[in-house]
Amino acid sequence: MAKLLDARIRHLTSGLLKRKPLLLFKILSKYAQKYIWGKSSLRGVVFASSYKCNFNCTHCYANRFRDTETPPLSLNEKLVVMKECLQLGAISFDFVGGEIGLSPQLEKLLAASHPNKTHFSLASNGYDLTREKVRYLKKVGIDKISISIDSGSEEEHDRFRRKEGSYKRCFEALDNIHAEGLTPVIITCVSRGMTKEKAFHDLVDYAIKNRIELVFSAAIPFGQWEGNMDVLCNEEDISYMRELHDKYPFLTRDCYENMGNWGCPAAKQIIYISEYGDVMPCAFTHISFGNIRYEPLRDIRQRMLTIPQFENYHPVCLAGEDSSFIEKYLSKTFGVNPYPPTAEEVFPEDTNTNTKYSFSKNIKKVDRSCPLCGSNRNEVVASGREHEFDNTTRDLFFVVRCLDCNLVYLNPRPDDSTLDIIYPKQYYCYKNTFSSSFAKQSPLVSLKNKLNNSFGFPRRIRRLLTSLPRSEDMLRVLDVGCGSGSALDYFRDFTPGSIETTGLDFNKRALELVAAKQHKIISGRIEDISLPENYFDIIYSNNVIEHVAEPFVMIKKISNALKPGGVFLCETPNFDSLDARIFSRSGHWGGFHFPRHWTFFTAKTLEKMAKRANLKMESVTYQPVPIFWIWTLHSYIYHAKANKKLADKFFPLIEDKSNFLTSLLLKIIFSITDMGLKTFMGKTSLMTVVLRKQEQRVDE
């Protein structure tokens, strides 16, 4: 413990406490979680945010990663990486490469990662690390810079690095780091027998004399040493490095100090993320347990911890010292393409039987232009993942705002071929929630139905019907995206005269329910089918337009299908609400409904689109939408707090007999919340828009 405190105190007295006092509280809370409450969480992340480099070192492994057709993570994807790491408890990031100093995105990554309470270190070969650059790195938040020096001999280091003059540049970089008040660190790769060499001892003596932290990195048989077991340290090398650490705690290794634990920290306290999003146990164990693009980091790391080799603290470095682990598992990474191999390939006996943390497959996506103006100029405003169903996709999605017309939409969106995946069989619109016997017997269901009739969409349908002029002609109604046909039932119940009700949906099971209620049906997506022109008096869509691939095509077809003077009653999420402003940036706003909502309107953007289709906006009203609050809080607890069980218990998404009372109470509470917002703010997250077809074309 004395060694541990000595190492920590050295960091705090190096100026870190003055620059980042909040970091101290995070470190102390980590220890409290572990030693008081017995909880251990992720501590650090090694992030290869760029493999670009100005060197070609003998032991480099970056070339294996660069030899891929997979596109690197975008800046926005990297920002999501940082966010999910912080949510898992990470308090430190170590940026490696490549030469990470060549990445122009570093400043933005640091700025988005709680720089005042997070420790940032950067690994460099030191060649271009001028004092001005060190000053800049300190300004943007870097606390520690590690310089790779592979020998105390200038000739050996330059030969190893294949760069003449690199040795001198390393020590100039160390001086620059120290002069700017940052923590300098030396990292040296130790291969078999190296601890007996004079050059090694010269480097150690330099670190001791100047009290600079020296990190020993055991040689790994990968990169240009791939498969060469002769480079592994022997017992004599390992023992000598331990002896040095016992005498000088600042001569250390990653497996020496891990918040009180001795042993390999891979997966338990640290993880490694490549430039392409692959998540691995450490920077030297190149086995992908998943990709950040296709599932949450939380699930990927939990999958790692189900592997026996990473579940507990191994006494030695698995990748650099445990020859049995290397021969049995790491050898499967030698010469494979694509690189790195997956955990399924390396640990088939452990991953094939693991059902709780099974591997997630990504779905096909398509890029799209702005659905309103066609522009391709946009900015990302949010990102998020599915949190409502376990059998769809856990891919990462981005919400963008058009820089020309301000429309907000999902880009890229799921491909049309994935609709059966993202709309599972248990999707709430496609089934009757309760059995008829339970619905008849339960007074709570009766209460819910009364409240729904008084405040929900049946009330809006009734008000629309009463506002229409009386006519003896048959009233023709179309419900686009009819689901199980509930809205059509209300249209028929509230119409005193003759009425023809038609439901349109692409889900066969939903249409079977609609047909069983004696409504006419149209099968397909509205973008793909033809509707009779000038036929319907009313076309209704309840939270549908945000689901379609081409909302303008939908509005145009609806306009053509309406009689002159006919009404389109459209309900859709309102992106201009208070809760949207509060929760959208974090990606937890319930109105996102990832990945099923594809376009997010305000009254202004919807009016612009309707006008192009010869529809005039007659009114906009705002309604309580308690389910959005439930979805919001469920997403926050599920993703931000990594507690799906708690989210499902207190904010159930699928209403059934077991959670009916909880669901009803939540809907009452959040309906009252929304009515208060409507009173004081004038808006909620759900808008009901009445659009009327004009006799003549509306001028744009």
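Explain nothing, just the number: relative contact order of the chain, from Cα pairs under 8 Å at least 6 residues apart, as a whole percent. Don't jump to the answer; show the numbers that get you there.
Values: 1280 pairs, mean separation 62.8, N = 700.
Relative CO of the chain lands at 9 percent.
Fully extended, how many nm does the chain gain between LYS508 and ASN312 (0.36 nm per residue separation, minus their Cα-Cα distance)?
Separation in residues times 0.36 nm, less the Cα-Cα distance, equals 65.6 nm.
Determine the per residue accessible area of the chain with all protein chains present and a 1.4 angstrom probe, expressed in square angstrom. Can you show the working numbers first?
Working: 30460 Å² over 700 residues.
With the other protein chains kept in place, the chain gives 44 Å² per residue.
If you take the beta carbon distance between ALA179 and ARG581 as r and set R0 to 45 Å, what does 1/(1 + (r/R0)^6) give as a FRET efficiency, to the nearest 0.05?
So the FRET efficiency works out to roughly 0.50.
For the chain, take the longest principal axis of its alpha carbons; what is the angle in degrees between that and the long axis of helix 131-140, to the nearest 10 within 0 to 90?
Long axis of 131-140 versus the principal axis of the chain: about 40 degrees.
Taking H as built 1.01 Å from N, whose amide H comes closer than 5 Å to the amide H of ARG476, not counting residues under 5 places away?
Residues meeting the criterion, in which the H sits 1.01 Å from N, are GLU500, ASP537, ILE538.
What are the aspartates and glutamates whose alpha-carbon lies under 16 Å from the alpha-carbon of LYS365, with same-chain residues fewer than 8 places away excluded?
Excluding near neighbours in sequence, the set is GLU77, GLU295, GLU386, ASP395, ASP415, ASP416, ASP420, GLU550.
For the pair LEU75 and GLU235, what calculated FRET efficiency results from E = 1/(1 + (r/R0)^6), where r is the Cβ-Cβ distance and R0 = 51 Å, to the nearest 0.05?
Computed FRET efficiency for GLU235 and LEU75: 0.65.
Find how much the distance from LYS247 to ASN534 grows on full extension, using 0.36 nm per residue of separation minus their present alpha carbon separation; answer in nm with one decimal.
94.4 nm
Quick one: if you stick a label point 7 Å off each Cα along the C-beta vector at ALA640 and ALA603, how many nm between them?
The answer from the label model is 2.8 nm.
What is the spin-label model distance, in nm, from GLN33 to GLU344 if the labels are put 7 Å beyond Cα along the C-beta direction?
3.1
Taking Cα atoms, how many degrees apart are the long axis of helix 235-247 and the longest axis of the chain, rounded to 10 and kept between 0 and 90?
The answer is roughly 90 degrees.
For the range 687-693, take each phi angle, set θ = phi - 60°, evaluate the Karplus expression 6.51 cos²θ - 1.76 cosθ + 1.60, and give the result in whole Hz per residue in order, putting x for glycine and proline.
Values, residue by residue: 10, 10, 10, 9, 10, 10, 6 Hz.
Between MET681 and SER375, 0.36 nm times their residue separation minus their Cα-Cα distance comes to what?
Stretched fully, the MET681-SER375 segment lengthens by 107.0 nm.
Please give every one of the aspartates and glutamates within straight-line cross-link reach of LYS328, meaning a C-alpha to C-alpha distance under 18 Å, and leave out same-chain neighbours fewer than 8 residues apart.
GLU226, ASP230, GLU311, GLU344, GLU345, GLU349, ASP350
Using θ = phi - 60° and the Karplus relation 6.51 cos²θ - 1.76 cosθ + 1.60, list the HN-Hα couplings for the range 556-567 in order, rounded to whole Hz, with x at every Gly or Pro.
Each residue's phi maps through the Karplus curve to give 5, 5, 5, 4, 5, 7, 7, 5, x, x, x, 10 Hz.
Label points 7 Å out from Cα along the Cβ direction at GLU107 and ASP67: separation in nm?
Between GLU107 and ASP67, the simple spin-label model gives 3.6 nm.
Would you mind checking LYS268/LYS649; LYS83/LYS117; LYS557/LYS616 for any pair whose Cα atoms are more than 25 angstrom apart?
From LYS268/LYS649; LYS83/LYS117; LYS557/LYS616, over 25 Å: LYS268/LYS649.
Any chance you could list P(r) for the chain, counting all Cα-Cα pairs in 20 angstrom bins from zero, rounded to whole %?
Result returned by the calculation: 16, 42, 26, 14, 2, 0.
Ignoring ligands, DNA and RNA, please state the percent of accessible area on the range 153-296 from carbon and sulfur, probe 1.4 Å.
Roughly 45 percent of what the probe reaches on the range 153-296 is carbon or sulfur.
The values are calculated or read from the model by the stated rules, or taken from the named source; none is laboratory data. These numbers were taken from a predicted model, which means no experiment stands behind them. Please note: Cβ atoms are built from the backbone with ideal geometry, for glycine as well, and neighbour counts cover all protein chains shown. Heavy atoms of the whole protein, side chains included, go into the accessibility calculation; ligands, DNA and RNA do not. Shrake-Rupley method; radii C 1.70, N 1.55, O 1.52, S 1.80 Å.
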